[in-house]
Amino acid sequence: MEPDVIVVGAGPTGLMLAGELALAGVRTWIVERRSEPQQQSRALTLHPRSVEVLDQRGLADRFLALGRTMPGWHFAALDTKLDFAALDSRHGYTLFLAQARTEAVLEERARELGVEILRGHETVDVRQGADGVEVDVRVAGNRQTMRSRYVVGCDGARSAVRTAAGIGFPGTGETLTGMLGDFGVVSADSGTLELARAAGVLVVGLGGGLTRFVLIPPQRMRVPSSEPVSMDEFRTALKDACGSDCGIGEPRWLSRFGNATRLAESYRSGRVLLAGDAAHIHFPAAGQGLNTGLQDAMNLGWKLAAEINGWAPPGLLDTYHAERHPVGRSVTENTEVQTLLAELTLVPQYERPATALRKLIDDLLGMEPVNRRLAGAVSAIDTAYPSQGDPLTGCRMPDVALVTTAGGAGRVYELLHEGRFVLLGLDGEDSAAEAGRWASRVASVTVTPRDPHPAIEGVTEVLIRPDGHVAWATRAREVETRRWERTRALTAWAGTPSGSEL
């Protein structure tokens, strides 16, 4: 049986998206060029909002069991850290977890939900028609054609899906590169590693006896990322940076990465959609790429499923581009700023003013409002989508502790595990009978917040989207007013009730 959706690419974004689609009952295949899962891990972190969306599906504990947390993060590698612990989140930390492990957990989840993953399938062309898409893949040298209703390109910066769909990818080319290396042997002298860190080298333990070093060597920062990194080059770069090669040995992976920054003109072209690095690429400043891709998938999954399952209200699928494209632009812009702050200090004629500029921004980060704003942006906790009505609409719903009318206790995110809308009555008014017309799409719960929370102060009812953002909120107490607003909001977001629900 043909799938409803073919996801091209089995990286974190593709795996997350496939899981979301399958959770909603959509037949989903992933086709992946590589014959085996990727063992190297370019990304190492999950930020607060990413852990939140995993928590919304009951998955956070799987990831937390494998990684380690720290309360702060960085902006442009400045000394003053971003205080994630001060964010309005139960997950106010960076979770250090190698990308390969993140992918393994997401693949396990996707397979649990029935996703079929076809490795060794290289996508070479995509053609769409009025009622479906054809995907040509190369398998063991032979060309095959697959068909589905929709295709999502999660196939990275050189996306074959994006190219075949004719979606532009404007931006700037590579002008700066850095190096990373994963080593099985490093110096046993912790003072040596601290000297490297003080010189601006990122040094982080990956687990399994591996240590990663990341740096931008001034003498080699214009070398194309396509040029392989040698062990001698890496040793020399470390010696130039901190006076020691840090005892590195047994290299497991050496790589070069660049600052090419591009954003797709559109995240959708008919039945073809893009997510993750296929839609946006940038320098890996503050580790935002993987996280942005996971959040793309969370936004797209329920909307595409609604379209396939036949209940999506008009224009719902188009809100994917409308909501996530500005986020992609914001991420590419802030990474360009961070990259510039790092690059200027490496250029002799700009070193003095660039150092002064970095000190100025570092001082500003010591001011709580400034730190909070950048922490909210980098963590994606402050991501809010355009909306009208109550100020809460469009924002992420905080994981408020709740008590149900039956006396049970829980939290908001526990109600989102099934990937449905959640209608919360916060003042004792039971709307279950009316919302029951949407019962297959909306869970209606009457609750009382266990502790006061400023985000929902005065709110009497709230409709939470499957991705954890607020679709509608009201502070009205008059029953008829709320009934009218509620019906309009449910129809606008969850579609017209089916005949079996009337």
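The values are calculated or read from the model by the stated rules, or taken from the named source; none is laboratory data. Here the structure is a predicted model, which is why all the values come from computation and not from measurement. Note that each Cβ is placed from the backbone with ideal geometry, even for glycine, and that neighbours are counted across all protein chains shown.
Residues that are among the hydrophobic types (A, V, I, L, M, F, W, C) and either surrounded by fewer than 17 Cβ atoms within 10 Å (Cβ to Cβ) or closer than 23 Å to L344 by Cα (or both) within region 230-253 comprise M231, F234, A237, L238, A241, C242, W253, listed in sequence order.
Screening L176, L263 for residues that are touching a residue at least 40 places away in the same chain (Cβ under 8 Å), in contact with a Ser or Thr (Cβ under 6 Å, 6 or more places away or on another chain) and surrounded by 19 or more Cβ atoms within 10 Å (Cβ to Cβ) leaves exactly one candidate, L263.
When D155, D136 are checked against the criterion of being of a type in the set (D, E), in contact (Cβ under 8 Å) with a residue 12 or more places away in the chain and in contact with a Gly (Cβ under 6 Å, 6 or more places away or on another chain), D155 stands alone in meeting it. Restricting to region 46-85, count the residues that are among the hydroxyl-bearing types (S, T, Y) and surrounded by fewer than 22 Cβ atoms within 10 Å (Cβ to Cβ). Of the residues in region 46-85, 2 are among the hydroxyl-bearing types (S, T, Y) and surrounded by fewer than 22 Cβ atoms within 10 Å (Cβ to Cβ). Against the test of being crowded, with 19+ Cβ neighbours inside 10 Å and in contact with a strand residue (DSSP E or B) (Cβ under 6 Å, 6 or more places away or on another chain), the options T102, T145, T123 yield a single qualifying residue, T123.
Among the candidates V442, V462, the residue that is touching an Asp or Glu at 6+ places or on another chain (Cβ under 9 Å), closer than 24 Å to G58 by Cβ and touching a residue at least 24 places away in the same chain (Cβ under 8 Å) is uniquely V462.
For (1) surrounded by fewer than 23 Cβ atoms within 10 Å (Cβ to Cβ); (2) under 18 Å from the mean Cα position of the chain (by Cα); (3) touching a residue at least 24 places away in the same chain (Cβ under 8 Å); (4) not in a loop (DSSP other than H, G, I, E, B), each residue gets a yes or a no:
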residue	(1), (2), (3), (4)
V7	no, yes, yes, yes
E20	no, yes, yes, yes
V31	no, no, yes, yes
Q40	yes, no, yes, no
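Let's see how each residue does on (1) of a type in the set (S, T, N, Q); (2) over 29 Å from the mean Cα position of the chain (by Cα); (3) in the same structural domain as G328 (by TED's automatic domain parsing); (4) loosely packed, with under 13 Cβ neighbours inside 10 Å:
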residue	(1), (2), (3), (4)
D362	no, no, yes, no
A384	no, no, no, no
D390	no, no, no, no
R437	no, yes, no, no
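Is one or more of the residues making up region 393-410 part of a helix (DSSP H, G or I), modelled with pLDDT of 95 or more and over 21 Å from H282 (Cα atoms)? Scanning region 393-410 turns up no residue that is part of a helix (DSSP H, G or I), modelled with pLDDT of 95 or more and over 21 Å from H282 (Cα atoms).
Quick check on region 435-442. Is at least one of its residues polar (S, T, N, Q) and either assigned to a strand (DSSP E or B) or touching a strand residue (DSSP E or B) at 6+ places or on another chain (Cβ under 6 Å) (or both)? No, because not a single residue in region 435-442 is polar (S, T, N, Q) and either assigned to a strand (DSSP E or B) or touching a strand residue (DSSP E or B) at 6+ places or on another chain (Cβ under 6 Å) (or both).
May I ask you to verify whether R162 is surrounded by fewer than 19 Cβ atoms within 10 Å (Cβ to Cβ) and assigned to a helix (DSSP H, G or I)? Considered against the rule, which asks whether it is surrounded by fewer than 19 Cβ atoms within 10 Å (Cβ to Cβ) and assigned to a helix (DSSP H, G or I), R162 comes out as no. In region 68-146, counting only strands (runs of 3 or more DSSP E) that sit wholly within it, the ones holding 3 or more residues that are at pLDDT 95 or above and farther than 23 Å from T339 by Cα span 116-119, 122-128, 133-139.
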